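Contents: one structure, followed by commentary.
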Amino acid sequence: MRRPDPRLRPVRPGPASLVVRPRWPRTILIDTASSAPNPAPQAATTWLLSACCFASIASMRACDTLLPAIGAEFSVSTGEAARTVFTFAIAYGIFQLCFGPLGDRYGKLRIISLCALACVIGNSLAFTAMSLDGLVTARILSGASAAGIFPLAMAWIGDNVPYETRQTALARLVSASVTGVLAGQWLSGLIAEWADWRYTFMALAVAFLGAGSLLLRTALAGARLPRSTTAALPPRQALREILASSTARSILTVTTIEGALAFGALAFIPSLLQRHHDVSLAMAGGIAACYGIGGFVYARLAARLVKRLGEPGLARLGGLLLCVGFVSFAYAPSLVLTPLACALAGFGFYGLHNTLQTQATQMAPGARGMAMSLFACVLFLGQSVGVIAAAWVADHGQDTWIFALAGGGLLILAQLVAHRTRASQRLAG
(Lines give C-alpha, C1' and ligand atoms only; values in the text may rest on other atoms or scores of the structure.)
Protein backbone atom coordinates (compact mmCIF):
# COMPACT_ATOMS: atom_id res chain seq x y z
CA MET A 1 0.00 0.00 0.00
CA ARG A 2 1.36 3.39 -0.95
CA ARG A 3 2.35 5.52 2.02
CA PRO A 4 0.82 9.04 2.16
CA ASP A 5 3.06 11.95 1.31
CA PRO A 6 4.29 13.38 4.66
CA ARG A 7 4.15 16.88 3.22
CA LEU A 8 0.37 16.66 2.99
CA ARG A 9 -1.17 17.72 6.28
CA PRO A 10 -4.86 17.96 7.19
CA VAL A 11 -6.07 21.52 7.27
CA ARG A 12 -8.76 22.68 9.67
CA PRO A 13 -11.70 24.02 7.61
CA GLY A 14 -11.92 27.78 7.63
CA PRO A 15 -12.65 30.72 5.40
CA ALA A 16 -9.02 31.05 4.30
CA SER A 17 -8.09 27.35 4.12
CA LEU A 18 -6.49 25.79 1.07
CA VAL A 19 -5.41 22.22 0.40
CA VAL A 20 -1.67 21.95 0.86
CA ARG A 21 0.16 20.74 -2.24
CA PRO A 22 3.60 19.14 -2.23
CA ARG A 23 5.19 21.95 -4.24
CA TRP A 24 4.36 24.47 -1.47
CA PRO A 25 5.33 22.64 1.73
CA ARG A 26 6.02 25.84 3.68
CA THR A 27 3.24 27.00 5.99
CA ILE A 28 2.42 30.55 6.90
CA LEU A 29 0.52 32.26 9.68
CA ILE A 30 -2.99 33.45 9.09
CA ASP A 31 -4.92 36.22 10.75
CA THR A 32 -5.88 35.17 14.27
CA ALA A 33 -9.30 36.73 13.78
CA SER A 34 -10.01 33.97 11.26
CA SER A 35 -8.79 31.04 13.32
CA ALA A 36 -8.85 31.81 17.02
CA PRO A 37 -11.00 33.85 19.39
CA ASN A 38 -9.89 37.40 19.70
CA PRO A 39 -9.52 38.71 23.25
CA ALA A 40 -11.32 41.85 22.25
CA PRO A 41 -14.97 41.51 21.23
CA GLN A 42 -15.41 41.22 17.50
CA ALA A 43 -17.65 44.28 17.51
CA ALA A 44 -14.84 46.35 19.06
CA THR A 45 -12.40 45.10 16.42
CA THR A 46 -14.84 46.01 13.67
CA TRP A 47 -15.25 49.47 15.20
CA LEU A 48 -11.49 50.01 15.21
CA LEU A 49 -11.24 48.85 11.61
CA SER A 50 -13.99 51.31 10.72
CA ALA A 51 -12.09 54.11 12.47
CA CYS A 52 -8.95 53.33 10.47
CA CYS A 53 -10.97 53.20 7.24
CA PHE A 54 -12.59 56.52 8.13
CA ALA A 55 -9.21 58.22 8.52
CA SER A 56 -7.88 56.59 5.36
CA ILE A 57 -10.72 57.78 3.13
CA ALA A 58 -10.77 61.22 4.77
CA SER A 59 -7.08 61.55 3.93
CA MET A 60 -7.76 60.53 0.35
CA ARG A 61 -10.51 63.11 -0.16
CA ALA A 62 -9.00 65.92 1.95
CA CYS A 63 -7.43 67.77 -0.98
CA ASP A 64 -10.58 67.81 -3.15
CA THR A 65 -11.97 70.92 -1.47
CA LEU A 66 -8.52 72.39 -0.82
CA LEU A 67 -7.40 72.54 -4.47
CA PRO A 68 -8.19 76.27 -4.93
CA ALA A 69 -6.52 77.13 -1.59
CA ILE A 70 -3.45 75.04 -2.41
CA GLY A 71 -3.27 76.61 -5.86
CA ALA A 72 -3.43 80.11 -4.33
CA GLU A 73 -0.82 79.23 -1.68
CA PHE A 74 1.74 78.01 -4.20
CA SER A 75 0.65 80.17 -7.19
CA VAL A 76 -0.37 77.29 -9.47
CA SER A 77 -3.52 76.37 -11.42
CA THR A 78 -6.22 74.06 -10.12
CA GLY A 79 -5.05 71.40 -12.55
CA GLU A 80 -1.50 71.58 -11.17
CA ALA A 81 -2.75 71.54 -7.58
CA ALA A 82 -4.64 68.35 -8.48
CA ARG A 83 -1.27 66.56 -8.33
CA THR A 84 -1.97 66.24 -4.60
CA VAL A 85 -5.01 64.11 -5.49
CA PHE A 86 -3.79 61.82 -8.26
CA THR A 87 -0.32 61.19 -6.80
CA PHE A 88 -2.01 59.98 -3.61
CA ALA A 89 -4.16 57.70 -5.75
CA ILE A 90 -1.18 56.33 -7.71
CA ALA A 91 0.77 55.52 -4.53
CA TYR A 92 -2.38 54.07 -2.94
CA GLY A 93 -2.97 51.83 -5.92
CA ILE A 94 0.59 50.59 -6.43
CA PHE A 95 1.28 49.71 -2.81
CA GLN A 96 -1.86 47.56 -2.57
CA LEU A 97 0.17 44.72 -4.05
CA CYS A 98 2.68 44.96 -1.20
CA PHE A 99 0.29 44.96 1.73
CA GLY A 100 -2.07 42.23 0.52
CA PRO A 101 0.51 39.41 0.82
CA LEU A 102 1.83 40.90 4.07
CA GLY A 103 -1.68 40.78 5.52
CA ASP A 104 -2.06 37.14 4.48
CA ARG A 105 1.34 36.31 5.97
CA TYR A 106 1.51 38.28 9.23
CA GLY A 107 -2.12 39.00 10.06
CA LYS A 108 -4.44 41.62 8.63
CA LEU A 109 -5.08 43.48 11.88
CA ARG A 110 -1.37 43.95 12.58
CA ILE A 111 -0.60 45.29 9.09
CA ILE A 112 -3.60 47.64 9.13
CA SER A 113 -2.53 49.16 12.45
CA LEU A 114 1.07 49.69 11.30
CA CYS A 115 -0.15 51.34 8.10
CA ALA A 116 -2.35 53.70 10.13
CA LEU A 117 0.62 54.71 12.28
CA ALA A 118 2.75 55.31 9.17
CA CYS A 119 0.02 57.69 7.93
CA VAL A 120 0.75 59.87 10.98
CA ILE A 121 4.16 60.64 9.49
CA GLY A 122 2.82 61.40 6.02
CA ASN A 123 0.16 63.81 7.24
CA SER A 124 2.59 65.51 9.61
CA LEU A 125 4.91 66.17 6.66
CA ALA A 126 1.97 67.57 4.68
CA PHE A 127 1.23 69.94 7.56
CA THR A 128 4.78 71.35 7.39
CA ALA A 129 5.21 71.34 3.56
CA MET A 130 6.68 74.59 2.27
CA SER A 131 6.25 73.95 -1.47
CA LEU A 132 3.87 72.13 -3.79
CA ASP A 133 6.52 69.49 -4.48
CA GLY A 134 6.95 68.95 -0.74
CA LEU A 135 3.21 68.59 -0.29
CA VAL A 136 3.01 66.14 -3.19
CA THR A 137 5.82 64.07 -1.65
CA ALA A 138 3.97 63.95 1.67
CA ARG A 139 0.79 62.91 -0.12
CA ILE A 140 2.65 60.10 -1.88
CA LEU A 141 3.87 58.82 1.50
CA SER A 142 0.35 59.09 2.93
CA GLY A 143 -1.15 57.25 -0.04
CA ALA A 144 1.42 54.46 0.14
CA SER A 145 0.80 54.02 3.88
CA ALA A 146 -2.99 54.16 3.63
CA ALA A 147 -2.92 51.46 0.93
CA GLY A 148 -2.93 48.68 3.50
CA ILE A 149 -6.01 49.76 5.43
CA PHE A 150 -9.31 49.49 3.59
CA PRO A 151 -8.57 46.47 1.35
CA LEU A 152 -7.28 44.39 4.27
CA ALA A 153 -10.30 45.44 6.34
CA MET A 154 -12.55 44.10 3.56
CA ALA A 155 -10.46 40.93 3.44
CA TRP A 156 -10.84 40.53 7.22
CA ILE A 157 -14.62 40.71 6.79
CA GLY A 158 -14.39 38.21 3.94
CA ASP A 159 -12.56 35.83 6.26
CA ASN A 160 -15.17 36.12 9.01
CA VAL A 161 -18.58 36.70 7.38
CA PRO A 162 -20.48 34.20 5.15
CA TYR A 163 -21.11 35.29 1.55
CA GLU A 164 -24.89 35.42 2.09
CA THR A 165 -24.56 38.31 4.55
CA ARG A 166 -21.23 39.69 3.39
CA GLN A 167 -22.61 42.51 1.24
CA THR A 168 -24.49 43.86 4.25
CA ALA A 169 -21.38 43.60 6.43
CA LEU A 170 -19.29 45.36 3.81
CA ALA A 171 -21.97 48.04 3.60
CA ARG A 172 -21.42 48.76 7.29
CA LEU A 173 -17.72 49.21 6.60
CA VAL A 174 -18.70 51.47 3.71
CA SER A 175 -20.53 53.66 6.25
CA ALA A 176 -17.17 54.45 7.84
CA SER A 177 -15.61 55.26 4.50
CA VAL A 178 -18.57 57.45 3.56
CA THR A 179 -18.17 59.35 6.81
CA GLY A 180 -14.53 59.75 5.80
CA VAL A 181 -15.62 61.28 2.51
CA LEU A 182 -17.83 63.71 4.44
CA ALA A 183 -15.00 64.66 6.78
CA GLY A 184 -12.41 64.88 4.03
CA GLN A 185 -14.46 67.13 1.78
CA TRP A 186 -16.53 69.15 4.22
CA LEU A 187 -14.36 69.55 7.31
CA SER A 188 -11.31 70.36 5.21
CA GLY A 189 -13.26 73.27 3.72
CA LEU A 190 -14.37 74.44 7.16
CA ILE A 191 -10.83 74.24 8.52
CA ALA A 192 -9.47 76.16 5.52
CA GLU A 193 -12.18 78.78 5.96
CA TRP A 194 -11.72 79.28 9.71
CA ALA A 195 -7.99 78.72 10.15
CA ASP A 196 -5.54 77.40 7.56
CA TRP A 197 -5.77 74.47 5.15
CA ARG A 198 -2.66 72.91 6.72
CA TYR A 199 -4.53 72.06 9.92
CA THR A 200 -6.56 69.53 7.94
CA PHE A 201 -3.50 67.30 7.83
CA MET A 202 -2.77 67.75 11.51
CA ALA A 203 -6.32 66.60 12.32
CA LEU A 204 -5.80 63.54 10.12
CA ALA A 205 -2.53 62.71 11.88
CA VAL A 206 -4.30 62.76 15.25
CA ALA A 207 -7.10 60.48 13.94
CA PHE A 208 -4.62 57.97 12.55
CA LEU A 209 -2.60 57.99 15.77
CA GLY A 210 -5.62 57.18 17.94
CA ALA A 211 -7.16 54.49 15.73
CA GLY A 212 -3.85 52.88 14.79
CA SER A 213 -2.60 52.66 18.38
CA LEU A 214 -5.77 50.99 19.65
CA LEU A 215 -5.90 48.52 16.77
CA LEU A 216 -2.23 47.63 17.23
CA ARG A 217 -2.92 46.82 20.88
CA THR A 218 -5.76 44.54 19.78
CA ALA A 219 -3.57 42.86 17.17
CA LEU A 220 -0.73 42.26 19.62
CA ALA A 221 -3.14 40.85 22.19
CA GLY A 222 -4.42 38.42 19.57
CA ALA A 223 -0.85 37.45 18.65
CA ARG A 224 -0.30 36.09 22.18
CA LEU A 225 -2.93 33.41 21.57
CA PRO A 226 -1.96 30.07 19.97
CA ARG A 227 -2.02 30.51 16.21
CA SER A 228 -3.32 28.01 13.73
CA THR A 229 -1.31 27.40 10.60
CA THR A 230 -2.49 26.78 7.08
CA ALA A 231 -0.89 26.74 3.71
CA ALA A 232 -1.36 29.54 1.24
CA LEU A 233 -0.23 30.26 -2.25
CA PRO A 234 3.00 32.24 -2.57
CA PRO A 235 2.25 35.83 -3.69
CA ARG A 236 3.37 35.37 -7.30
CA GLN A 237 1.42 32.16 -7.67
CA ALA A 238 -1.67 33.73 -6.08
CA LEU A 239 -1.43 36.71 -8.43
CA ARG A 240 -1.08 34.44 -11.46
CA GLU A 241 -4.07 32.33 -10.46
CA ILE A 242 -6.25 35.40 -9.87
CA LEU A 243 -5.34 36.89 -13.25
CA ALA A 244 -5.89 33.52 -14.95
CA SER A 245 -9.56 33.63 -13.95
CA SER A 246 -11.82 35.24 -16.55
CA THR A 247 -14.27 36.22 -13.81
CA ALA A 248 -11.53 37.98 -11.84
CA ARG A 249 -10.24 39.76 -14.96
CA SER A 250 -13.76 40.97 -15.71
CA ILE A 251 -14.26 42.31 -12.17
CA LEU A 252 -10.86 44.05 -12.19
CA THR A 253 -11.42 45.64 -15.62
CA VAL A 254 -14.84 46.99 -14.69
CA THR A 255 -13.47 48.30 -11.38
CA THR A 256 -10.67 50.17 -13.15
CA ILE A 257 -13.13 51.95 -15.44
CA GLU A 258 -15.47 52.66 -12.53
CA GLY A 259 -12.63 54.29 -10.57
CA ALA A 260 -11.60 56.48 -13.50
CA LEU A 261 -15.11 57.75 -14.20
CA ALA A 262 -16.51 58.13 -10.68
CA PHE A 263 -13.48 59.42 -8.79
CA GLY A 264 -12.29 61.57 -11.68
CA ALA A 265 -15.56 63.49 -11.49
CA LEU A 266 -15.75 63.46 -7.69
CA ALA A 267 -12.44 65.30 -7.31
CA PHE A 268 -13.78 68.30 -9.27
CA ILE A 269 -17.15 68.76 -7.57
CA PRO A 270 -15.89 71.59 -5.27
CA SER A 271 -14.02 73.29 -8.12
CA LEU A 272 -17.12 73.38 -10.34
CA LEU A 273 -19.21 74.78 -7.50
CA GLN A 274 -16.73 77.57 -6.86
CA ARG A 275 -16.31 78.38 -10.55
CA HIS A 276 -19.99 78.31 -11.56
CA HIS A 277 -21.80 79.29 -8.36
CA ASP A 278 -19.16 81.44 -6.62
CA VAL A 279 -19.44 79.74 -3.22
CA SER A 280 -16.95 79.65 -0.35
CA LEU A 281 -14.63 76.74 0.34
CA ALA A 282 -16.76 75.67 3.30
CA MET A 283 -19.97 75.77 1.24
CA ALA A 284 -18.37 73.86 -1.65
CA GLY A 285 -17.07 71.22 0.75
CA GLY A 286 -20.48 70.92 2.41
CA ILE A 287 -22.27 70.37 -0.90
CA ALA A 288 -19.61 67.89 -2.07
CA ALA A 289 -20.09 66.02 1.21
CA CYS A 290 -23.68 65.27 0.13
CA TYR A 291 -22.09 62.64 -2.15
CA GLY A 292 -21.06 60.88 1.04
CA ILE A 293 -24.49 61.39 2.60
CA GLY A 294 -26.00 59.53 -0.35
CA GLY A 295 -23.57 56.69 0.30
CA PHE A 296 -24.43 56.69 3.99
CA VAL A 297 -28.15 56.37 3.16
CA TYR A 298 -27.30 53.46 0.87
CA ALA A 299 -25.37 51.73 3.65
CA ARG A 300 -28.39 51.99 5.94
CA LEU A 301 -30.70 50.49 3.27
CA ALA A 302 -28.26 47.96 1.80
CA ALA A 303 -29.74 44.85 3.43
CA ARG A 304 -33.25 45.64 2.19
CA LEU A 305 -32.08 46.64 -1.28
CA VAL A 306 -30.04 43.46 -1.75
CA LYS A 307 -32.98 41.33 -0.64
CA ARG A 308 -35.46 43.12 -2.91
CA LEU A 309 -33.38 43.84 -6.03
CA GLY A 310 -30.58 41.30 -5.92
CA GLU A 311 -27.08 42.09 -7.15
CA PRO A 312 -28.08 42.72 -10.83
CA GLY A 313 -30.92 45.07 -9.91
CA LEU A 314 -28.77 46.95 -7.43
CA ALA A 315 -26.04 47.46 -10.04
CA ARG A 316 -28.58 48.85 -12.54
CA LEU A 317 -30.07 51.19 -9.96
CA GLY A 318 -26.60 52.42 -9.02
CA GLY A 319 -25.68 53.23 -12.63
CA LEU A 320 -28.96 55.05 -13.25
CA LEU A 321 -28.62 57.23 -10.14
CA LEU A 322 -24.97 57.98 -10.93
CA CYS A 323 -25.91 59.21 -14.39
CA VAL A 324 -28.86 61.30 -13.18
CA GLY A 325 -26.85 62.74 -10.29
CA PHE A 326 -23.73 63.73 -12.26
CA VAL A 327 -25.59 65.19 -15.23
CA SER A 328 -28.01 67.08 -12.97
CA PHE A 329 -25.11 68.44 -10.93
CA ALA A 330 -23.21 69.66 -14.00
CA TYR A 331 -26.15 71.48 -15.56
CA ALA A 332 -28.14 72.50 -12.46
CA PRO A 333 -29.52 76.00 -13.08
CA SER A 334 -29.62 76.72 -9.36
CA LEU A 335 -27.23 76.03 -6.48
CA VAL A 336 -30.16 74.64 -4.47
CA LEU A 337 -30.33 71.55 -6.70
CA THR A 338 -26.65 70.59 -6.41
CA PRO A 339 -26.80 68.92 -2.94
CA LEU A 340 -29.58 66.57 -4.11
CA ALA A 341 -27.66 65.77 -7.30
CA CYS A 342 -24.53 64.93 -5.27
CA ALA A 343 -26.53 62.72 -2.91
CA LEU A 344 -28.10 60.79 -5.80
CA ALA A 345 -24.68 60.23 -7.35
CA GLY A 346 -23.25 59.07 -4.02
CA PHE A 347 -26.11 56.62 -3.44
CA GLY A 348 -25.66 55.25 -6.95
CA PHE A 349 -21.89 54.86 -6.68
CA TYR A 350 -21.97 52.89 -3.46
CA GLY A 351 -24.76 50.68 -4.76
CA LEU A 352 -22.70 49.78 -7.83
CA HIS A 353 -19.36 49.59 -6.05
CA ASN A 354 -20.64 47.53 -3.12
CA THR A 355 -21.81 44.92 -5.62
CA LEU A 356 -18.33 44.76 -7.14
CA GLN A 357 -16.73 44.62 -3.68
CA THR A 358 -18.82 41.62 -2.68
CA GLN A 359 -17.99 39.74 -5.86
CA ALA A 360 -14.29 40.57 -5.46
CA THR A 361 -14.13 38.90 -2.03
CA GLN A 362 -14.67 35.56 -3.80
CA MET A 363 -11.94 35.98 -6.43
CA ALA A 364 -9.44 34.03 -4.29
CA PRO A 365 -10.78 32.89 -0.89
CA GLY A 366 -7.42 31.33 0.03
CA ALA A 367 -5.46 34.52 -0.71
CA ARG A 368 -8.09 37.11 0.06
CA GLY A 369 -5.61 39.76 1.17
CA MET A 370 -3.90 39.62 -2.22
CA ALA A 371 -7.23 39.55 -4.09
CA MET A 372 -8.70 42.56 -2.30
CA SER A 373 -5.43 44.46 -2.59
CA LEU A 374 -5.43 43.87 -6.33
CA PHE A 375 -9.06 45.01 -6.45
CA ALA A 376 -8.20 48.26 -4.65
CA CYS A 377 -5.05 48.65 -6.74
CA VAL A 378 -6.91 48.79 -10.04
CA LEU A 379 -9.65 50.96 -8.54
CA PHE A 380 -7.26 53.70 -7.51
CA LEU A 381 -4.99 53.42 -10.50
CA GLY A 382 -8.17 54.03 -12.45
CA GLN A 383 -8.85 57.01 -10.20
CA SER A 384 -5.43 58.49 -10.94
CA VAL A 385 -6.05 58.21 -14.69
CA GLY A 386 -9.51 59.70 -14.26
CA VAL A 387 -8.28 62.67 -12.23
CA ILE A 388 -5.48 63.38 -14.73
CA ALA A 389 -7.96 63.27 -17.62
CA ALA A 390 -10.48 65.40 -15.73
CA ALA A 391 -7.77 67.94 -14.86
CA TRP A 392 -6.90 68.24 -18.55
CA VAL A 393 -10.56 68.77 -19.43
CA ALA A 394 -10.89 71.38 -16.66
CA ASP A 395 -7.88 73.33 -17.94
CA HIS A 396 -8.62 73.02 -21.68
CA GLY A 397 -12.38 72.63 -21.99
CA GLN A 398 -15.53 72.88 -19.95
CA ASP A 399 -15.65 71.22 -16.56
CA THR A 400 -19.30 70.26 -17.11
CA TRP A 401 -18.09 67.75 -19.70
CA ILE A 402 -16.35 65.81 -16.90
CA PHE A 403 -19.66 64.99 -15.23
CA ALA A 404 -21.66 64.37 -18.41
CA LEU A 405 -19.10 61.87 -19.72
CA ALA A 406 -18.73 60.19 -16.32
CA GLY A 407 -22.50 59.83 -15.86
CA GLY A 408 -23.08 58.32 -19.29
CA GLY A 409 -20.11 55.98 -19.00
CA LEU A 410 -21.13 54.70 -15.57
CA LEU A 411 -24.68 54.03 -16.75
CA ILE A 412 -23.37 51.81 -19.54
CA LEU A 413 -20.89 50.14 -17.18
CA ALA A 414 -23.60 49.31 -14.65
CA GLN A 415 -25.71 47.62 -17.32
CA LEU A 416 -22.73 45.44 -18.26
CA VAL A 417 -22.16 44.52 -14.59
CA ALA A 418 -25.83 43.60 -14.15
CA HIS A 419 -25.83 41.49 -17.31
CA ARG A 420 -22.65 39.62 -16.31
CA THR A 421 -23.92 39.06 -12.76
CA ARG A 422 -27.25 37.66 -13.95
CA ALA A 423 -25.50 35.37 -16.43
CA SER A 424 -23.19 34.08 -13.67
CA GLN A 425 -26.16 33.42 -11.38
CA ARG A 426 -27.93 31.43 -14.13
CA LEU A 427 -24.85 29.28 -14.67
CA ALA A 428 -24.50 28.72 -10.93
CA GLY A 429 -28.18 27.79 -10.69
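The values are calculated or read from the model by the stated rules, or taken from the named source; none is laboratory data. The structure presented is a predicted model; accordingly, all values stated were derived computationally and were not measured. We place every Cβ from the backbone using ideal geometry, glycine too, and count neighbours over all the protein chains shown. Protein only, heavy atoms only, side chains kept; ligands, DNA and RNA dropped before computing areas. Shrake-Rupley method; radii C 1.70, N 1.55, O 1.52, S 1.80 Å.
If I take every Cα pair under 8 Å that is 6 or more residues apart in the chain, average their sequence separation and divide by the length, what percent do I get for the relative contact order? Answer for the chain is 25 percent. Three principal axis extents describe the C-alpha atoms of the stretch 302-429; from largest down they are 47, 31, 21 Å.
The distance from the alpha carbon centre of the stretch 258-274 to that of the stretch 204-218 is 29 Å, rounded to a whole number. The spread of Cα positions in the stretch 105-209, taken along each principal axis and listed from longest to shortest, comes to 49, 30, 20 Å. Scanning the chain for cysteines with no neighbouring cysteine C-beta under 4.7 angstrom from their C-beta gives CYS52, CYS53, CYS63, CYS98, CYS115, CYS119, CYS323, CYS377.
Give, rounded to the nearest 20 debye, the magnitude of the charge dipole that the stretch 53-137 has about its Cα centre when Lys and Arg contribute +1 at Cβ and Asp and Glu contribute -1 at Cβ. With only Lys, Arg, Asp and Glu charged at Cβ, the dipole is about 400 debye. Here, P(r) means the percent of Cα pairs in each 5 Å bin from 0 to the largest distance; for the stretch 225-351 it is 2, 10, 16, 16, 14, 11, 10, 9, 5, 4, 2, 1, 0.
Dividing the summed helix terms, -39500 (n - 2.57) for each DSSP H run of n ≥ 4, by the number of residues in the chain produces a 222 nm estimate of -26000 deg cm²/dmol to the nearest 500.
Heavy-atom accessible surface of the chain, averaged per residue, reaches 41 Å², computed with a 1.4 Å probe.
Applied to the stretch 378-391, the Karplus parametrisation 6.51 cos²θ - 1.76 cosθ + 1.60 on θ = phi - 60° returns per-residue 3J(HN,Hα) values of 5, 4, 8, 5, x, 4, 4, 5, x, 5, 4, 5, 5, 5 Hz, with x for Gly and Pro.
Among 324-337, 235-248, sorting by the average number of other beta carbon atoms lying within 10 angstrom of each residue, highest first, gives 324-337, 235-248.
Since only PHE347, CYS323, PRO365 are under comparison, the one whose Cα sits farthest along the positive direction of the charge dipole of the stretch 307-429, derived from C-beta charges on Lys, Arg, Asp and Glu, is PRO365. Accessible surface ranking for GLU80, GLU164, 1.4 angstrom probe, highest first: GLU164, GLU80. Dividing the Cα radius of gyration of the chain by 2.2 N^0.38 Å, with N the residue count, gives 0.97. Solvent-accessible area of the chain (1.4 angstrom probe, protein heavy atoms only): carbon and sulfur portion equals 66 percent.
With q set to 0.14, 0.17, 0.23 Å⁻¹, the log10 of I(q)/I(0) for the stretch 369-428, from the Debye formula over equal scatterers at the Cα positions, is -0.60, -0.78, -0.99.
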